1. Once phi is turned into ³J(HN,Hα) by the Karplus curve 6.51 cos²θ - 1.76 cosθ + 1.60 with θ = phi - 60°, what whole-Hz value does each residue of the range A:254-259 show in order, with x for glycine and proline?
2. Local charge sum around A:Ala333 (other residues, Cβ-Cβ under 11 Å, Lys/Arg +1, Asp/Glu -1)?
3. Residue by residue, what Karplus-based ³J(HN,Hα) values in Hz, rounded to whole numbers, does the range A:12-22 have, using 6.51, -1.76 and 1.60 with θ = phi - 60° and x for Gly and Pro?
4. Quick one: which residues, 5 or more positions from A:Phe109 or on another chain, have an amide H under 5 Å from its amide H? H modelled 1.01 Å from N in the peptide plane, none for Pro or chain starts.
5. For A:Arg394, enumerate residues with amide H under 5 Å from its amide H, sequence gap 5+ or separate chain, H modeled in the peptide plane.
6. On a 1.4 Å probe surface of the protein chains, which of A:Thr184, A:Thr271, A:Thr17, A:Thr319 comes out largest in accessible area, and what is the full order?
7. Given the Cα atoms of chain A, and with Rh set as the inverse mean 1/r over their pairs in the Kirkwood sense, what is Rg to Rh to two decimals?
8. Largest first and in whole Å, give the semi-axes of the range A:195-347's equivalent ellipsoid, each being the square root of 5 times a Cα gyration tensor eigenvalue.
Amino acid sequence: MNILDTFQARHLFEDMTSPGLAKALDKPLTVYAGFDPTSDSLQAGNFVTIMALAHLQRAGHRVIALVGGATGLIGDPSGKSKERNLLSAEQVERNLVGIRENLSRFLDFSPDSANPAILVNNYDWFKDFTFIDLLRDVGRYFRMGVMLGKDSVKKRMESDDGMSFTEFCYQILQGYDFYHLYKTYGCALQIGGSDQWGNITAGTELVRRICGEEVYGMTFPLVCDSTGKKFGKSEGNAIFLDARKTSYYDFYQFFLRTLDADVIRYLKIFTFLPFERIAELEAAVMAAPEKREAQQVLAEELTRAVHGESGLAIARKATGVLFGGAIEGLAAAELEAIFANVPSATLSADQVLGKPAFEVVAAAGMAASKGEARRLVQQGGLYINNARVMGIERAFGASDLCEGRLAVLRGGKKSFFLLKVR
RNA sequence: GGUAGGGUACCGAAGUGGCCAAACGGGGCAGACUGUAAAUCUGCUGGCGAACGCCUUCCUUGGUUCGAAUCCAAGCCCUACCA
(Lines give C-alpha, C1' and ligand atoms only; values in the text may rest on other atoms or scores of the structure.)
Protein backbone atom coordinates (compact mmCIF):
# COMPACT_ATOMS: atom_id res chain seq x y z
CA MET A 1 0.00 0.00 0.00
CA ASN A 2 1.64 3.24 -1.02
CA ILE A 3 1.27 6.43 0.92
CA LEU A 4 -1.39 7.96 -1.29
CA ASP A 5 -3.54 4.85 -0.88
CA THR A 6 -3.08 5.17 2.85
CA PHE A 7 -4.18 8.78 2.69
CA GLN A 8 -7.20 7.82 0.62
CA ALA A 9 -8.17 5.03 2.99
CA ARG A 10 -7.79 7.28 6.02
CA HIS A 11 -9.81 10.19 4.65
CA LEU A 12 -6.65 12.23 4.41
CA PHE A 13 -6.82 12.90 0.70
CA GLU A 14 -8.89 15.47 -1.13
CA ASP A 15 -6.95 16.68 -4.12
CA MET A 16 -3.49 17.02 -5.63
CA THR A 17 -2.00 19.46 -8.08
CA SER A 18 -0.79 16.80 -10.49
CA PRO A 19 -1.12 13.03 -10.90
CA GLY A 20 2.66 12.99 -11.16
CA LEU A 21 2.75 13.19 -7.38
CA ALA A 22 1.99 9.47 -7.05
CA LYS A 23 5.19 8.58 -8.89
CA ALA A 24 7.21 11.28 -7.15
CA LEU A 25 6.28 9.75 -3.80
CA ASP A 26 7.95 6.49 -4.73
CA LYS A 27 11.22 8.13 -3.79
CA PRO A 28 11.79 9.99 -0.52
CA LEU A 29 10.53 13.54 -0.88
CA THR A 30 10.86 16.59 1.26
CA VAL A 31 7.41 17.73 2.34
CA TYR A 32 6.12 20.68 4.25
CA ALA A 33 2.98 21.87 5.96
CA GLY A 34 2.35 25.17 7.66
CA PHE A 35 1.00 25.95 11.11
CA ASP A 36 -0.43 29.21 12.30
CA PRO A 37 1.34 30.54 15.36
CA THR A 38 -1.88 32.04 16.71
CA SER A 39 -1.37 30.39 20.08
CA ASP A 40 1.43 28.84 22.10
CA SER A 41 -0.32 25.52 21.72
CA LEU A 42 -1.63 23.62 18.74
CA GLN A 43 -5.21 22.49 18.73
CA ALA A 44 -7.21 19.43 17.86
CA GLY A 45 -7.96 21.19 14.58
CA ASN A 46 -4.29 20.79 13.69
CA PHE A 47 -4.40 17.02 14.13
CA VAL A 48 -5.16 16.27 10.52
CA THR A 49 -2.09 18.11 9.30
CA ILE A 50 0.02 16.58 12.04
CA MET A 51 -1.15 13.06 11.23
CA ALA A 52 -0.55 13.55 7.54
CA LEU A 53 3.00 14.68 8.24
CA ALA A 54 3.52 11.81 10.67
CA HIS A 55 2.40 9.27 8.07
CA LEU A 56 4.81 10.80 5.57
CA GLN A 57 7.70 10.74 7.99
CA ARG A 58 6.99 7.11 8.86
CA ALA A 59 7.02 6.34 5.16
CA GLY A 60 10.54 7.70 4.94
CA HIS A 61 9.91 11.18 3.63
CA ARG A 62 11.60 14.18 5.14
CA VAL A 63 9.06 16.50 6.75
CA ILE A 64 9.28 20.18 7.48
CA ALA A 65 6.87 21.88 9.83
CA LEU A 66 6.68 25.53 8.93
CA VAL A 67 5.52 27.91 11.57
CA GLY A 68 4.12 31.04 10.04
CA GLY A 69 5.86 33.66 12.11
CA ALA A 70 5.70 36.12 9.22
CA THR A 71 2.44 35.06 7.68
CA GLY A 72 0.93 34.99 11.16
CA LEU A 73 1.70 38.69 11.27
CA ILE A 74 -0.46 39.11 8.19
CA GLY A 75 -3.35 36.72 8.68
CA ASP A 76 -4.55 34.09 6.24
CA PRO A 77 -7.91 35.08 4.79
CA SER A 78 -8.71 31.50 3.79
CA GLY A 79 -11.82 30.31 5.50
CA LYS A 80 -12.12 33.49 7.48
CA SER A 81 -14.97 35.84 6.91
CA LYS A 82 -13.32 38.71 8.72
CA GLU A 83 -9.95 40.30 9.05
CA ARG A 84 -7.98 38.70 11.82
CA ASN A 85 -6.21 40.26 14.72
CA LEU A 86 -2.54 40.63 14.05
CA LEU A 87 0.05 39.05 16.30
CA SER A 88 3.09 40.75 17.69
CA ALA A 89 6.51 39.40 16.77
CA GLU A 90 7.28 38.59 20.40
CA GLN A 91 4.05 36.68 20.74
CA VAL A 92 4.88 34.60 17.71
CA GLU A 93 8.31 33.86 19.14
CA ARG A 94 6.77 32.56 22.35
CA ASN A 95 4.19 30.51 20.50
CA LEU A 96 6.84 28.80 18.46
CA VAL A 97 8.30 27.10 21.50
CA GLY A 98 5.00 25.56 22.48
CA ILE A 99 4.19 24.44 18.98
CA ARG A 100 7.48 22.63 18.62
CA GLU A 101 6.79 20.81 21.86
CA ASN A 102 3.35 19.76 20.63
CA LEU A 103 4.65 18.55 17.30
CA SER A 104 7.38 16.51 18.92
CA ARG A 105 4.67 14.17 20.25
CA PHE A 106 3.96 13.05 16.71
CA LEU A 107 7.02 13.91 14.69
CA ASP A 108 10.56 12.83 15.37
CA PHE A 109 12.76 15.91 15.65
CA SER A 110 15.63 14.08 17.29
CA PRO A 111 18.89 15.01 15.54
CA ASP A 112 20.14 11.45 16.13
CA SER A 113 17.39 9.85 14.13
CA ALA A 114 17.88 8.81 10.54
CA ASN A 115 15.23 11.14 9.24
CA PRO A 116 14.60 14.00 11.64
CA ALA A 117 11.79 16.45 11.07
CA ILE A 118 12.69 20.08 10.61
CA LEU A 119 10.99 23.07 12.15
CA VAL A 120 11.30 26.38 10.35
CA ASN A 121 9.88 29.83 10.90
CA ASN A 122 9.16 31.86 7.82
CA TYR A 123 9.84 35.05 9.73
CA ASP A 124 13.50 34.12 9.41
CA TRP A 125 13.51 34.70 5.67
CA PHE A 126 10.90 37.44 5.54
CA LYS A 127 12.21 39.72 8.24
CA ASP A 128 14.86 41.29 6.03
CA PHE A 129 12.77 41.27 2.91
CA THR A 130 11.84 44.77 1.85
CA PHE A 131 8.70 45.76 0.10
CA ILE A 132 10.71 46.60 -2.99
CA ASP A 133 12.43 43.18 -2.92
CA LEU A 134 9.07 41.53 -2.74
CA LEU A 135 7.63 43.48 -5.65
CA ARG A 136 10.72 43.00 -7.84
CA ASP A 137 11.60 39.41 -7.07
CA VAL A 138 8.29 37.82 -6.30
CA GLY A 139 5.37 40.07 -7.17
CA ARG A 140 6.09 40.10 -10.87
CA TYR A 141 5.46 36.37 -11.09
CA PHE A 142 1.98 36.77 -9.75
CA ARG A 143 -0.80 37.53 -12.20
CA MET A 144 -3.71 39.66 -11.01
CA GLY A 145 -6.31 37.54 -12.73
CA VAL A 146 -5.15 34.43 -10.92
CA MET A 147 -4.87 36.18 -7.58
CA LEU A 148 -8.33 37.68 -7.84
CA GLY A 149 -9.72 34.33 -8.93
CA LYS A 150 -8.67 32.54 -5.75
CA ASP A 151 -11.60 31.28 -3.78
CA SER A 152 -10.36 32.87 -0.57
CA VAL A 153 -10.22 36.26 -2.29
CA LYS A 154 -13.50 35.95 -4.16
CA LYS A 155 -15.43 34.92 -1.09
CA ARG A 156 -14.07 37.82 0.87
CA MET A 157 -14.72 40.33 -1.89
CA GLU A 158 -18.32 39.18 -1.98
CA SER A 159 -18.73 39.49 1.77
CA ASP A 160 -19.86 42.71 3.39
CA ASP A 161 -16.53 43.16 5.12
CA GLY A 162 -14.38 43.14 2.04
CA MET A 163 -10.68 42.51 2.26
CA SER A 164 -7.59 44.53 3.02
CA PHE A 165 -4.51 44.69 0.81
CA THR A 166 -2.59 43.03 3.63
CA GLU A 167 -4.67 39.92 3.53
CA PHE A 168 -4.78 39.94 -0.24
CA CYS A 169 -0.99 39.65 -0.27
CA TYR A 170 -1.02 36.62 1.97
CA GLN A 171 -0.94 34.20 -0.94
CA ILE A 172 2.25 35.82 -2.21
CA LEU A 173 3.98 35.18 1.08
CA GLN A 174 2.83 31.59 1.36
CA GLY A 175 3.77 31.03 -2.25
CA TYR A 176 7.21 32.39 -1.54
CA ASP A 177 7.56 30.05 1.46
CA PHE A 178 7.27 27.08 -0.85
CA TYR A 179 9.82 28.57 -3.23
CA HIS A 180 12.22 29.25 -0.37
CA LEU A 181 11.90 25.72 0.99
CA TYR A 182 12.35 24.33 -2.49
CA LYS A 183 15.58 26.27 -2.93
CA THR A 184 16.84 25.59 0.58
CA TYR A 185 15.74 22.02 1.27
CA GLY A 186 14.63 20.75 -2.11
CA CYS A 187 11.11 20.63 -0.73
CA ALA A 188 8.85 19.30 -3.46
CA LEU A 189 5.47 18.89 -1.80
CA GLN A 190 3.24 21.04 0.31
CA ILE A 191 0.25 19.57 2.08
CA GLY A 192 -2.60 21.34 3.79
CA GLY A 193 -6.32 21.43 4.35
CA SER A 194 -8.53 21.92 1.34
CA ASP A 195 -8.92 25.59 2.30
CA GLN A 196 -5.22 25.94 1.56
CA TRP A 197 -5.59 24.98 -2.09
CA GLY A 198 -5.21 28.51 -3.38
CA ASN A 199 -2.16 29.21 -1.23
CA ILE A 200 -0.55 25.92 -2.16
CA THR A 201 -1.00 26.42 -5.89
CA ALA A 202 0.41 29.92 -5.50
CA GLY A 203 3.60 28.15 -4.38
CA THR A 204 3.70 25.44 -7.02
CA GLU A 205 3.19 28.04 -9.72
CA LEU A 206 5.83 30.35 -8.34
CA VAL A 207 8.41 27.56 -8.35
CA ARG A 208 7.44 26.61 -11.87
CA ARG A 209 7.73 30.19 -13.12
CA ILE A 210 11.02 30.96 -11.43
CA CYS A 211 12.75 27.58 -11.65
CA GLY A 212 10.83 25.80 -14.35
CA GLU A 213 10.50 22.80 -12.03
CA GLU A 214 7.37 20.95 -11.03
CA VAL A 215 6.61 20.75 -7.33
CA TYR A 216 3.44 19.30 -5.90
CA GLY A 217 0.58 20.15 -3.64
CA MET A 218 -1.83 17.87 -1.87
CA THR A 219 -4.82 18.69 0.24
CA PHE A 220 -6.88 16.75 2.71
CA PRO A 221 -10.51 17.38 3.55
CA LEU A 222 -11.47 19.69 6.37
CA VAL A 223 -12.80 17.46 9.08
CA CYS A 224 -16.35 18.12 10.15
CA ASP A 225 -18.55 16.06 12.37
CA SER A 226 -21.69 14.53 10.94
CA THR A 227 -23.74 17.56 11.97
CA GLY A 228 -21.49 19.73 9.82
CA LYS A 229 -19.57 21.39 12.62
CA LYS A 230 -15.90 21.92 12.17
CA PHE A 231 -13.90 19.40 14.14
CA GLY A 232 -11.84 20.48 17.11
CA LYS A 233 -14.06 22.78 19.11
CA SER A 234 -15.95 21.95 22.23
CA GLU A 235 -18.67 24.42 23.11
CA GLY A 236 -16.92 27.00 21.01
CA ASN A 237 -13.61 26.50 22.79
CA ALA A 238 -10.68 25.02 20.97
CA ILE A 239 -9.24 21.78 22.32
CA PHE A 240 -5.57 22.49 22.91
CA LEU A 241 -2.70 20.04 23.11
CA ASP A 242 -1.18 21.96 25.99
CA ALA A 243 -2.47 20.59 29.29
CA ARG A 244 -2.38 24.04 30.82
CA LYS A 245 -5.02 25.15 28.34
CA THR A 246 -7.07 21.99 28.03
CA SER A 247 -6.88 19.54 30.92
CA TYR A 248 -6.14 15.85 30.46
CA TYR A 249 -9.69 15.22 31.48
CA ASP A 250 -11.26 17.66 29.01
CA PHE A 251 -9.04 16.41 26.23
CA TYR A 252 -10.00 12.81 26.88
CA GLN A 253 -13.66 13.71 27.26
CA PHE A 254 -13.72 15.61 24.01
CA PHE A 255 -12.90 12.45 22.09
CA LEU A 256 -15.00 10.21 24.30
CA ARG A 257 -18.03 12.29 23.33
CA THR A 258 -17.52 11.71 19.61
CA LEU A 259 -20.74 10.85 17.81
CA ASP A 260 -21.28 7.26 16.71
CA ALA A 261 -21.53 8.47 13.14
CA ASP A 262 -18.07 10.02 13.29
CA VAL A 263 -16.00 7.78 15.48
CA ILE A 264 -14.85 5.25 12.88
CA ARG A 265 -13.79 7.98 10.48
CA TYR A 266 -11.93 9.72 13.30
CA LEU A 267 -10.11 6.53 14.21
CA LYS A 268 -8.85 6.31 10.66
CA ILE A 269 -7.80 9.93 10.55
CA PHE A 270 -6.40 10.50 14.01
CA THR A 271 -4.80 7.20 15.00
CA PHE A 272 -2.30 4.79 13.53
CA LEU A 273 -4.46 1.79 14.41
CA PRO A 274 -4.44 -0.86 11.68
CA PHE A 275 -7.54 -1.19 9.57
CA GLU A 276 -8.34 -4.65 10.99
CA ARG A 277 -8.57 -3.20 14.48
CA ILE A 278 -10.74 -0.34 13.24
CA ALA A 279 -13.04 -2.82 11.50
CA GLU A 280 -13.47 -4.66 14.80
CA LEU A 281 -14.40 -1.44 16.51
CA GLU A 282 -16.82 -0.60 13.76
CA ALA A 283 -18.57 -3.90 14.38
CA ALA A 284 -18.59 -3.13 18.10
CA VAL A 285 -20.29 0.22 17.51
CA MET A 286 -22.99 -1.47 15.44
CA ALA A 287 -23.56 -4.19 17.99
CA ALA A 288 -23.51 -2.14 21.18
CA PRO A 289 -23.33 1.60 20.57
CA GLU A 290 -24.12 2.38 24.19
CA LYS A 291 -20.79 0.89 25.28
CA ARG A 292 -18.92 3.50 23.20
CA GLU A 293 -16.00 1.17 22.87
CA ALA A 294 -14.70 2.88 19.74
CA GLN A 295 -14.95 6.27 21.41
CA GLN A 296 -12.95 4.99 24.34
CA VAL A 297 -10.22 3.67 22.08
CA LEU A 298 -10.12 6.95 20.18
CA ALA A 299 -9.88 8.97 23.39
CA GLU A 300 -7.23 6.67 24.82
CA GLU A 301 -5.07 6.65 21.73
CA LEU A 302 -5.02 10.41 21.39
CA THR A 303 -4.69 11.20 25.06
CA ARG A 304 -1.79 8.77 25.31
CA ALA A 305 -0.13 10.23 22.23
CA VAL A 306 -0.39 13.80 23.46
CA HIS A 307 -0.17 13.44 27.24
CA GLY A 308 1.49 10.08 27.77
CA GLU A 309 0.39 7.21 29.99
CA SER A 310 0.36 9.40 33.10
CA GLY A 311 -1.91 11.97 31.50
CA LEU A 312 -4.22 9.23 30.31
CA ALA A 313 -4.34 7.70 33.78
CA ILE A 314 -5.37 11.01 35.32
CA ALA A 315 -8.02 11.58 32.69
CA ARG A 316 -9.49 8.13 33.27
CA LYS A 317 -9.43 8.44 37.01
CA ALA A 318 -11.16 11.80 36.82
CA THR A 319 -13.74 10.31 34.48
CA GLY A 320 -14.39 7.47 36.90
CA VAL A 321 -14.87 9.80 39.82
CA LEU A 322 -16.92 12.38 38.00
CA PHE A 323 -19.31 9.95 36.45
CA GLY A 324 -19.32 7.45 39.28
CA GLY A 325 -20.56 10.11 41.65
CA ALA A 326 -18.49 8.92 44.64
CA ILE A 327 -16.87 12.12 45.77
CA GLU A 328 -17.48 11.69 49.51
CA GLY A 329 -14.89 8.98 50.04
CA LEU A 330 -12.01 10.94 48.62
CA ALA A 331 -9.36 12.90 50.43
CA ALA A 332 -8.86 16.56 49.62
CA ALA A 333 -5.43 15.87 48.17
CA GLU A 334 -6.93 13.30 45.81
CA LEU A 335 -9.60 15.71 44.69
CA GLU A 336 -6.98 18.33 44.01
CA ALA A 337 -5.03 15.93 41.84
CA ILE A 338 -8.06 14.86 39.85
CA PHE A 339 -9.31 18.40 39.40
CA ALA A 340 -5.90 19.93 38.90
CA ASN A 341 -6.85 21.29 35.51
CA VAL A 342 -10.48 22.06 36.16
CA PRO A 343 -11.29 25.75 36.57
CA SER A 344 -10.98 26.71 40.18
CA ALA A 345 -11.01 29.65 42.54
CA THR A 346 -9.95 30.28 46.09
CA LEU A 347 -12.26 32.17 48.40
CA SER A 348 -11.99 33.04 52.07
CA ALA A 349 -14.14 31.12 54.55
CA ASP A 350 -16.39 34.09 55.27
CA GLN A 351 -17.09 34.47 51.54
CA VAL A 352 -18.43 30.92 51.51
CA LEU A 353 -19.81 29.67 54.82
CA GLY A 354 -23.41 30.59 55.41
CA LYS A 355 -23.70 32.30 52.04
CA PRO A 356 -26.30 31.26 49.47
CA ALA A 357 -24.82 28.79 47.01
CA PHE A 358 -25.53 30.99 44.00
CA GLU A 359 -23.58 33.87 45.51
CA VAL A 360 -20.61 31.61 46.06
CA VAL A 361 -20.83 30.43 42.46
CA ALA A 362 -20.79 34.03 41.25
CA ALA A 363 -18.04 35.11 43.63
CA ALA A 364 -15.86 32.20 42.52
CA GLY A 365 -16.28 33.19 38.90
CA MET A 366 -17.97 29.96 37.90
CA ALA A 367 -20.82 32.09 36.57
CA ALA A 368 -20.34 35.44 34.87
CA SER A 369 -22.82 37.26 37.08
CA LYS A 370 -25.05 36.72 40.04
CA GLY A 371 -28.00 36.61 37.66
CA GLU A 372 -26.44 33.76 35.74
CA ALA A 373 -25.63 31.92 38.96
CA ARG A 374 -29.17 32.43 40.22
CA ARG A 375 -30.56 31.08 36.98
CA LEU A 376 -28.36 28.03 37.20
CA VAL A 377 -29.65 27.19 40.67
CA GLN A 378 -33.26 28.00 39.86
CA GLN A 379 -33.14 25.67 36.88
CA GLY A 380 -31.73 22.87 38.97
CA GLY A 381 -28.39 22.91 37.25
CA LEU A 382 -26.02 23.35 40.17
CA TYR A 383 -24.48 20.44 42.04
CA ILE A 384 -22.32 20.57 45.13
CA ASN A 385 -20.23 17.41 45.44
CA ASN A 386 -22.51 15.74 42.91
CA ALA A 387 -25.67 16.50 44.88
CA ARG A 388 -28.16 18.77 43.19
CA VAL A 389 -28.82 22.07 44.89
CA MET A 390 -32.51 22.41 45.60
CA GLY A 391 -33.82 25.91 46.08
CA ILE A 392 -32.26 29.32 45.67
CA GLU A 393 -31.84 29.81 49.40
CA ARG A 394 -29.60 26.76 49.84
CA ALA A 395 -26.60 27.99 51.81
CA PHE A 396 -23.07 26.72 51.89
CA GLY A 397 -22.15 24.95 55.13
CA ALA A 398 -19.07 23.45 56.68
CA SER A 399 -20.34 19.98 55.84
CA ASP A 400 -20.10 20.79 52.13
CA LEU A 401 -16.36 21.18 52.38
CA CYS A 402 -14.01 18.26 52.10
CA GLU A 403 -11.50 18.56 54.95
CA GLY A 404 -12.80 22.06 55.44
CA ARG A 405 -11.21 23.44 52.32
CA LEU A 406 -12.55 21.93 49.09
CA ALA A 407 -15.84 21.54 47.32
CA VAL A 408 -16.57 20.20 43.86
CA LEU A 409 -19.14 22.30 42.05
CA ARG A 410 -20.81 21.23 38.87
CA GLY A 411 -22.94 23.24 36.46
CA GLY A 412 -25.16 21.12 34.31
CA LYS A 413 -23.96 17.70 33.36
CA LYS A 414 -20.32 18.11 32.69
CA SER A 415 -18.93 21.47 33.66
CA PHE A 416 -16.89 21.06 36.83
CA PHE A 417 -15.41 23.69 39.09
CA LEU A 418 -13.19 23.28 42.10
CA LEU A 419 -13.87 25.64 44.99
CA LYS A 420 -10.99 26.12 47.41
CA VAL A 421 -11.45 27.77 50.77
CA ARG A 422 -8.70 29.26 52.82
C1' G B 1 -12.58 63.09 -3.50
C1' G B 2 -18.11 62.36 -5.12
C1' U B 3 -22.80 59.70 -4.55
C1' A B 4 -25.73 56.18 -2.08
C1' G B 5 -26.42 52.81 1.93
C1' G B 6 -25.09 51.36 6.76
C1' G B 7 -23.03 50.90 12.34
C1' U B 8 -28.81 47.84 17.50
C1' A B 9 -27.25 42.63 22.68
C1' C B 10 -22.56 36.76 21.53
C1' C B 11 -23.91 36.67 15.92
C1' G B 12 -27.60 37.85 12.12
C1' A B 13 -31.62 41.07 12.05
C1' A B 14 -36.42 44.08 13.29
C1' G B 15 -37.61 48.57 15.57
C1' U B 16 -37.54 55.20 12.92
C1' G B 17 -40.37 60.00 19.32
C1' G B 18 -43.30 57.31 24.90
C1' C B 19 -46.60 50.67 24.96
C1' C B 20 -38.21 49.32 24.46
C1' A B 21 -33.88 45.87 28.30
C1' A B 22 -35.41 46.36 22.77
C1' A B 23 -39.50 41.56 18.14
C1' C B 24 -37.64 37.29 15.47
C1' G B 25 -33.78 33.66 14.09
C1' G B 26 -29.12 31.42 15.25
C1' G B 27 -25.82 30.44 19.10
C1' G B 28 -25.22 29.62 24.34
C1' C B 29 -26.96 27.84 29.26
C1' A B 30 -30.30 24.68 32.14
C1' G B 31 -34.10 20.82 32.56
C1' A B 32 -36.80 16.20 30.71
C1' C B 33 -35.69 11.88 27.79
C1' U B 34 -30.98 9.01 26.95
C1' G B 35 -25.70 5.72 26.08
C1' U B 36 -21.58 11.26 29.78
C1' A B 37 -25.08 10.16 22.88
C1' A B 38 -27.95 11.90 18.55
C1' A B 39 -32.88 13.58 17.65
C1' U B 40 -36.92 15.81 20.21
C1' C B 41 -39.54 18.72 23.86
C1' U B 42 -39.51 22.77 27.83
C1' G B 43 -37.49 27.03 30.29
C1' C B 44 -33.75 30.84 30.50
C1' U B 45 -30.37 34.15 27.94
C1' G B 46 -27.79 43.11 30.05
C1' G B 47 -26.70 44.25 35.66
C1' C B 48 -28.69 44.32 40.82
C1' G B 49 -32.88 42.16 43.38
C1' A B 50 -36.95 36.76 46.68
C1' A B 51 -40.29 40.22 44.39
C1' C B 52 -43.07 45.33 42.91
C1' G B 53 -39.05 47.31 40.82
C1' C B 54 -34.46 49.95 40.18
C1' C B 55 -29.95 50.76 37.22
C1' U B 56 -26.73 50.81 32.64
C1' U B 57 -27.33 49.94 27.14
C1' C B 58 -28.81 50.56 20.53
C1' C B 59 -20.77 53.59 17.11
C1' U B 60 -18.83 58.50 19.78
C1' U B 61 -19.70 63.45 21.49
C1' G B 62 -22.94 67.33 21.86
C1' G B 63 -28.03 69.18 21.01
C1' U B 64 -33.70 69.36 20.42
C1' U B 65 -37.71 67.39 23.60
C1' C B 66 -41.63 66.54 29.46
C1' G B 67 -39.60 62.04 27.01
C1' A B 68 -34.52 59.69 22.09
C1' A B 69 -32.24 53.25 19.62
C1' U B 70 -35.63 56.50 16.89
C1' C B 71 -35.11 63.75 15.37
C1' C B 72 -30.71 67.44 14.59
C1' A B 73 -25.18 68.59 14.39
C1' A B 74 -20.22 67.16 14.32
C1' G B 75 -16.89 63.17 14.39
C1' C B 76 -15.16 58.02 13.83
C1' C B 77 -15.76 53.43 11.22
C1' C B 78 -17.78 50.01 7.34
C1' U B 79 -19.94 48.74 2.35
C1' A B 80 -21.18 49.57 -2.86
C1' C B 81 -20.75 52.37 -7.22
C1' C B 82 -18.16 56.42 -9.51
C1' A B 83 -13.45 59.34 -9.74
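1. In residue order, the calculated couplings are 4, 7, 5, 8, 4, 5 Hz.
2. Around A:Ala333, the surrounding residues sum to -2.
3. 10, 10, 10, 7, 9, 6, 7, x, x, 4, 4
4. Result for A:Phe109 returns A:Ala117.
5. Residues meeting the criterion, in which the H sits 1.01 Å from N, are A:Ala357.
6. Largest accessible area first, the residues go A:Thr184, A:Thr17, A:Thr319, A:Thr271.
7. Rg/Rh: 1.04.
8. Working: eigenvalues 280, 93, 36 Å².
Whole-Å semi-axes of the equivalent ellipsoid: 37, 22, 13.
The values are calculated or read from the model by the stated rules, or taken from the named source; none is laboratory data. If you're wondering where the values come from, they're calculated on a predicted model, not measured in any experiment. So basically every Cβ, Gly included, is an ideal-geometry build from the backbone, and we count neighbours across all protein chains shown. Just the protein is used for accessible areas: all its heavy atoms, side chains included, with ligands, DNA and RNA removed. Shrake-Rupley method; radii C 1.70, N 1.55, O 1.52, S 1.80 Å.
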